[in-house]
Amino acid sequence: MLLRGTINARSLGMETGINVFVPETLDRDGPYRVAYLLHGLRDNQDCWFNKTSLPEFARGRDIIFVTPEAGRSFYTNMRLGLDYFTWVADELPETISRVFHISARTDDTAVIGCSMGGYGALKIAFLRPDRFGFCGAIAPALLYVDELLAGLRKNPPQWLAAESPENKLLYRDFRLIFGENLEPRETDIILKLVKDLCKMVQVAPRKKVPSVYACVGEDDSLLEENRRFAKTMGLMGMPFRFESWPGAHDWRFFQAGLERVLQEWGEYREAETDEQD
């Protein structure tokens, strides 16, 4: 059953769009797993239902799927905009837990996104490892946002002149998100978050870190960036798995990626359960 509507988000100071897909077994006691699905730059909270076979993927799984609206925010607390990170990472999960019977196990909570949403999913998982035990990043963008913004600070006019109208719009987005000087905060840099988690684990070996599955199409312009990121994650020893297969940066690949992410999450939970037993 799909619930569509708006919700009052204190973090944003306004009503915002949200969809919740609940399993047919909702009349049972639960508790339920929950997955937060994050949309990309040119989409909204409806895309996962309009452009994928999510209801089919959800069949037989006791999972509540939540798709929030986040505009073009890259799931950040914007310097010149709204606090979308706080909304999606903190306030929304607390609200969903009050309304539905959600499992308290970290491994039963996932954040999954494509493109801009892939960046958001990684950022949220690494900043909130005590809440999100699994992360699915499908063709994530801005994996090296510090390098990109450094290039824009150095020579923005030429970059704008050489690129498309879409990238001119993106340059405006970046100024709203990261400020007029295009300076990312440490919490915006994915690898900085990973390094901080690694240091934390060294101090507290029992500290829980999220398991991450990432994938990208082999015809995607983000392929090399994702391969570079995967190699670095491997060197850091984080629980991370990466795959690529033929495909572009489009919904055909995102749909296949979503199906694979859900399979990976299921296998990860089974392994965790076996280990605990």
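The values are calculated or read from the model by the stated rules, or taken from the named source; none is laboratory data. None of these values were measured; they are calculated from a predicted model. As a convention, Cβ positions derive from the backbone with ideal geometry for all residues, glycine included, and neighbour counts pool all protein chains shown.
General remarks:
- Check on ALA110, crowded, with 19+ Cβ neighbours inside 10 Å and either assigned to a helix (DSSP H, G or I) or in contact with a His (Cβ under 8 Å, 6 or more places away or on another chain) (or both): no
- Any hit, the range 83-99, residues being surrounded by fewer than 20 Cβ atoms within 10 Å (Cβ to Cβ), touching a strand residue (DSSP E or B) at 6+ places or on another chain (Cβ under 7 Å) and closer than 22 Å to TYR144 by Cβ: no
- Within the range 31-58, residues that are of a type in the set (Gly, Ala, Ser) and modelled with pLDDT under 95 reach partners that are buried (at least 19 other Cβ atoms within 10 Å of the Cβ) and part of a loop (DSSP other than H, G, I, E, B) with beta carbons closer than 8 Å, at six or more positions or on different chains, in the pairs ALA58/PRO23.
- Any hit, the range 213-225, residues being in contact (Cβ under 8 Å) with a residue 12 or more places away in the chain and farther than 30 Å from GLU56 by Cα: yes
- Any hit, the range 127-140, residues being part of a helix (DSSP H, G or I), small (Gly, Ala, Ser), surrounded by 20 or more Cβ atoms within 10 Å (Cβ to Cβ) and modelled with pLDDT of 95 or more: no
- Condition met for GLY13 (farther than 22 Å from TRP251 by Cα and either among the β-branched types (Val, Ile, Thr) or surrounded by fewer than 19 Cβ atoms within 10 Å (Cβ to Cβ) (or both)): yes
- Within the range 146-157, one or more residues are in contact with a Phe, Trp or Tyr (Cβ under 9 Å, 6 or more places away or on another chain), part of a helix (DSSP H, G or I) and at pLDDT 90 or above.
- Residue list for the range 80-107, filter: touching a Lys or Arg at 6+ places or on another chain (Cβ under 8 Å), in a helix (DSSP H, G or I) and modelled with pLDDT under 95: THR106, ASP107
- As for the range 15-36, it holds at least one residue that is among the charged types (D, E, K, R), more than 18 Å from ASP130 (Cα to Cα) and in contact with a strand residue (DSSP E or B) (Cβ under 8 Å, 6 or more places away or on another chain).
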